[in-house]
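Inspection log for the structure reproduced underneath, given as structure tokens.
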Amino acid sequence: MGLAIPAFAIPFSIAAAAMAFFPSAIIKPGKWFAFSLAVMSIGSFLLSTVQSAEVFLLTRALTRLATGVLLPAALIIATRSVGKRASFTNLAVIIFFLATGMTFAPSTGGWLNDVLGWRFLYQGIGIIAMLLWLSYLFINNKNQQALHQQQPIVKTTSGLHIIWAGRGIYTFVYLSGVFHSGVFVWIIYYFSTQYQLDEFQIAPPLLIFGFPGLTITMLMFRYHLDGKVIKILYSGFILTIAGLFVMTANLPLWMAEWLLAIMSVGYCFSQPLFIGILKLPLAGVYAGRLIAIGSGILFAGYGTGPLLMTMLLATNKAVPIVFLVLLILIMATLSRRIWNIPELHKRHYMLLRKWQRSKIY
């Protein structure tokens, strides 16, 4: 069970980051996007037929290794669009749906698995991926002439140099991924051991934890508060730390669920990690490469978080809490440096002005 998420996220992260090392993938992301959707459909159908845990994990890992370019390819395509919808708005839409999926998927998956079974669930995912693949091929062929035809100049800057130059932001992105996935694993463990809830019953607490934070994150974007996030980031961290310690007490279930909603508000303030992926300033490097590496590092954090948390939960109940608190303190320290980069704020201002002009026209 502890290997299920890493078997998805770690191969996904490797493929996403590797995209930055192949200029052809950055120049023509459309074919890789279509390829990933097709593999996702085939892989989901294969997963629904496996008969052992070992084959399941292997199939899952190979499938995600082939679909890792899906997210960076989508983000790169979005930044090249023309017309009324500026690239900034397109990026925001993708991030909105990504955050929405991450919020509702754990709870929805638990409910559907209890009702339909996991085999039918994977078959449904395969059908959806196939429909998305066919839709993309149809839309891409229909609008081929309207797409931006100018190919970007992808410089031969070393991928390792890019990571080193942006080490502060990329470290924050990685630790954010570890923190986010680690907290979800801790919540599942807490409610299953403290209140003896099964997978179906844990779904509501997971939704309670994700939804308030998602709502506030969208409001932050609507009122352009992401550039001022450093002013409210620490209050969110304090809320999260306080909630973690309070939940170690023997609380009634309804009180623990209300506490989750409060923690979610603090949890959302650590989510501007996409600023590091999309707005990392690095002169002479095409933005697509930054997006690919950032996406890979993010999912590397998502994959290693459950591994670390599973090992820590096997030692002592207090150790995972201490680990999460240390992560928060490290991210708080890094964030002060990240959001003080002048060029980062300048780029944010330029993107904001471009988005405002697109609304006018």
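The values are calculated or read from the model by the stated rules, or taken from the named source; none is laboratory data. Because the structure is predicted, anything quoted here is derived from the model rather than measured. Methodologically, a virtual Cβ is constructed for each residue, glycine included, from the backbone with ideal geometry; neighbour enumeration extends over all protein chains shown. Areas reflect the complete protein model, heavy atoms only, side chains present, ligands, DNA and RNA absent. Shrake-Rupley method; radii C 1.70, N 1.55, O 1.52, S 1.80 Å.
Some notes on this structure:
- Residue that is nearest to the chain's Cα centre (by Cα) [pool: residues in region 156-183 that are open to solvent by 10 Å² or more (accessible area, probe 1.4 Å) and modelled with pLDDT of 85 or more]: Tyr174
- Candidates Ile291, Ile230, filtered to the one that is modelled with pLDDT under 75, open to solvent by less than 10 Å² (accessible area, probe 1.4 Å) and of a type in the set (Val, Ile, Thr): Ile291
- Check on Trp254, open to solvent by 40 Å² or more (accessible area, probe 1.4 Å) and modelled with pLDDT of 85 or more: yes
- Of the listed requirements (1) among the β-branched types (Val, Ile, Thr); (2) within 17 Å of Trp133 (Cα to Cα); (3) over 19 Å from the mean Cα position of the chain (by Cα), Val50 misses just one: (2).
- Residues of region 24-52 that are touching a residue at least 12 places away in the same chain (Cβ under 8 Å), farther than 14 Å from Arg64 by Cβ and of a type in the set (S, T, N, Q): Ser48, Thr49.
- Selection of region 309-322 for residues being open to solvent by 60 Å² or more (accessible area, probe 1.4 Å) and among the aliphatic types (A, V, I, L, M) yields Met311, Ala314, Val322.
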